[in-house]
């Protein structure tokens, strides 16, 4: 009987250990997924720029577990062929990128560890520069997992005028409201004047009517009645 109890207890302990181990693994995986390195080209992943202008191709990185010897590079997708533009390494947090190599004559690397920034400037852009730019980063702290973000450049002859249709609608509505308000004020003023004029005319009519009655002898008749001698 004691043997059975010990067996049951040990079985429950092993089950508990397995459960705890499973929970620990799940938690570790969750923390790992949340704390990993991320690269981003910003909220807007594309830009429209004029031919001959200079544009910033942005990319930033972040990591909750920290970085060590972070490797990064940029590629341009030339119809499926990846052309390397620049590359470098960031030893650790707060240390400026080192060993940066640029492979394009119109590219200037402007990245800085102050803003976790690995962006570059592209000078005097042409229509051939239009397309996708891929920001790549690898952090040895994550067992060299790869991370990428894509930024799209669109080159045009001239920038489009902003759509002013909404502004036109708003101005038209406001103009209509103001015009209606003015019209109502004018109508109100005319009505008030009309009512005032009507009231004055009514008073004049009453006064004139009283005068006419007096002239017709109504008041005199009362006086005559008062003066009639008693029989």
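The values are calculated or read from the model by the stated rules, or taken from the named source; none is laboratory data. These numbers were taken from a predicted model, which means no experiment stands behind them. Virtual Cβ from ideal backbone geometry, glycine too; neighbours counted across all protein chains shown.
A few points about this structure:
- Unmet criterion (only one of (1) over 25 Å from residue 52 (Cβ atoms); (2) without any contact (Cβ under 8 Å) to a residue 12 or more places away in the chain) for residue 88: (2)
- Qualifying residue in the range 56-65 (condition: more than 30 Å from residue 155 (Cβ to Cβ) and modelled with pLDDT under 90): yes
- Residue match in the range 89-102 (condition: under 16 Å from residue 152 (Cα atoms), surrounded by 16 or more Cβ atoms within 10 Å (Cβ to Cβ) and at pLDDT 95 or above): no
- Looking across the range 142-160 at every residue that is modelled with pLDDT of 90 or more and over 19 Å from residue 100 (Cβ atoms), the one that is surrounded by the fewest Cβ atoms within 10 Å (Cβ to Cβ) is identified as 157.
- Single condition residue 13 does not satisfy, out of (1) surrounded by 12 or more Cβ atoms within 10 Å (Cβ to Cβ); (2) over 24 Å from residue 145 (Cβ atoms); (3) at pLDDT below 95: (1)
- Restricting 124, 73 to residues that are within 15 Å of residue 38 (Cα to Cα) and at pLDDT 95 or above narrows the list to 73.
- Every test in (1) surrounded by 13 or more Cβ atoms within 10 Å (Cβ to Cβ); (2) at pLDDT below 80 is passed by residue 22 save one, and that test is (1).
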